[in-house]
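As structure tokens, the structure follows; a few thoughts come after it.
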Amino acid sequence: MKILVTGGCGYIGSHTVVELLNNNYEVVIIDNLSNSKKEVIDNIKRITGKDVTFYEGNVQDKSLLDKIFKENKIYAVIHFAGFKAVGESVREPLKYYENNLDSTLYLLEKMKEYGCKNFIFSSSATVYGKPDKLPIKEDFPLSTTNPYGTTKLMIEGILKDVYNADKLNITILRYFNPIGAHESGLLGENPNDIPNNLMPYIVKVATGELECLSVFGNDYDTHDGTGVRDYIHVVDLAKGHIKALEHIGGLHYYNLGTGNGYSVLDIVNTFSKVNNVKVNYKITDRRPGDIDACYADSSLAFKELGWKATKGLEEMCKDSYNYVIKNK
Ligand code: WQD
């Protein structure tokens, strides 16, 4: 069966492609390489021994989508492609609404035109806003505090309407905080610019590329005052997509997290310990829009998909560092 993976050269997309190939799916990737490199495809082949069909371009390019659906019988689409930097979305909302919404709308339109009935969407825990209680369940209230999160919430609403109208099989996966990298060191994340997210920033401080980590606030209502999040190994996350594909049918929402909340200092200390490297940090003001704590109740994914995360924080920290060290 052929699976179309949009953004398949990206951090989560590429790890998911590896798991798809390992499970004997055929993979078609569309990626404009705006936040990834084509060499990822070579590394996917080095890991799996298998090729993918690659189309370079934008998901908003309807003629390219026509070409892909005409040349490939697509069984399902996994839609990763989209802009995802919270801070940038606040500065450039129109860029986010146009890119993230248009790509999804055109994709759904073409799926309908070519009779493709199965859609898995890369959503985010950010749609829960500031939760009233923890852990977070899928039926919790939804709200967003930045344009990036709002595009995710709007797309979830579009998908619900499309499900009601056209009975597509739609699975919405809400990711918590993906970190880590494939054990081979051939896939991972190492943004070229100054990272927004915690782990890539820590890695750059550990390698000396950046001088010091700013810990955004230590006066939160958490065990050590620093922000708590549910960090999940990207390979566990990727495997969640395989389970979602195997069980696709109807409209479903699943939290993909570990159920464990770790603070910023927990991450810094664990990273330093397992990699035997110092991470300089200083406590600074809170980052606007950040919440105290967020972690998942992922029991529904276990109950209905038979999926649960298996990799612990030490492995996440080791793999994150290993990837950058191996690719310096
Ligand atoms: C984690 C913790 C920060 C950087 C966002 C999006 C989410 C997903 C993941 C895309 C927080 C603290 C961070 C730093 C710090 N994005 N921190 N210093 O904000 O939980 O989630 O990224 O899919 O949708 O909302 O992740 O890694 O930015 O922050 O102290 O330099 O680390 O305050 O407590 P976040 P993050």
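General observations
- Residue-averaged [θ]222 nm for the chain, counting only DSSP H segments that reach four residues, each worth -39500 (n - 2.57): -12000 deg cm²/dmol
- Once the Cα atoms are used to define both axes, helix 102-114 deviates from the longest principal axis of the chain by about 30 degrees.
- Percent breakdown of C-alpha pair distances by 10 Å bin, ordered from the shortest bin, for the stretch 222-282: 18, 36, 26, 15, 5
- Orientation-averaged projected area, Cα convex hull of the stretch 107-213 (nm²): 9.9 nm²
- In degrees, nearest ten, helix 147-166 long axis to first principal axis of the chain (Cα): 30 degrees
- For the chain, the longest principal axis of the C-alpha atoms and the axis of helix 313-326 are separated by about 80°.
- Counted charge near A206, where neighbours are those whose Cβ lies closer than 13 Å (Asp, Glu -1; Lys, Arg +1): +3
- Pairs beyond 20 Å (Cα-Cα), from K243/K303; K70/K243; K95/K117; K204/K318; K2/K160; K50/K117: K70/K243; K95/K117; K2/K160; K50/K117
- Among D292, D132, D230, the largest mean-square fluctuation in a Gaussian network model of the chain (Cα springs under 10 Å) belongs to D132.
- Taken over the stretch 183-245, the alpha-carbon convex hull comes to 142 cubic angstrom per residue.
- The ratio of the alpha-carbon radius of gyration of the stretch 3-85 to the globular-protein estimate 2.2 N^0.38 Å is 0.99.
- Taken as Cα centroids, the stretch 238-252 and the stretch 100-151 sit 15 Å apart, rounded to the nearest whole angstrom.
- The alpha carbon convex hull volume per residue for the stretch 254-328 rounds to 136 Å³.
- Gyration tensor (Cα) of the stretch 182-328, equivalent ellipsoid semi-axes in angstrom: 28, 20, 13
- Converting phi to 3J(HN,Hα) with the Karplus coefficients 6.51, -1.76 and 1.60 and the offset θ = phi - 60°, the stretch 245-262 yields 5, 5, 10, 5, x, x, 10, 9, 10, 9, 7, 10, x, 9, x, 9, x, 10 Hz in sequence order, with x at every glycine or proline.
- H223 paired with N327, simple spin-label distance in nm, labels 7 Å along Cα-to-beta-carbon: 3.1 nm
- For the stretch 1-64 and the stretch 206-230, distance of Cα centres in Å: 33 Å
- Stokes-Einstein D for the stretch 85-147, Kirkwood Rh over Cα pairs, 25 °C, 0.890 mPa s (µm²/s): 175 µm²/s
- The alpha carbons of the chain stretch over 54, 43, 39 Å along the principal axes, in descending order.
- At q = 0.18 Å⁻¹, base-10 log of I(q)/I(0) for the stretch 1-142 (Debye sum, equal scatterers on each alpha carbon): -1.06
- R46-K167 FRET efficiency (beta carbon distance; Förster radius 45 Å; 0.05 resolution): 0.65
All of the numbers you see were taken from the coordinates with simple rules; none came from a lab. Since this is a predicted model, take the numbers as computed values, not measurements. Cβ coordinates were reconstructed from backbone atoms using ideal geometry, including for glycine residues, and neighbour counts include every protein chain displayed.
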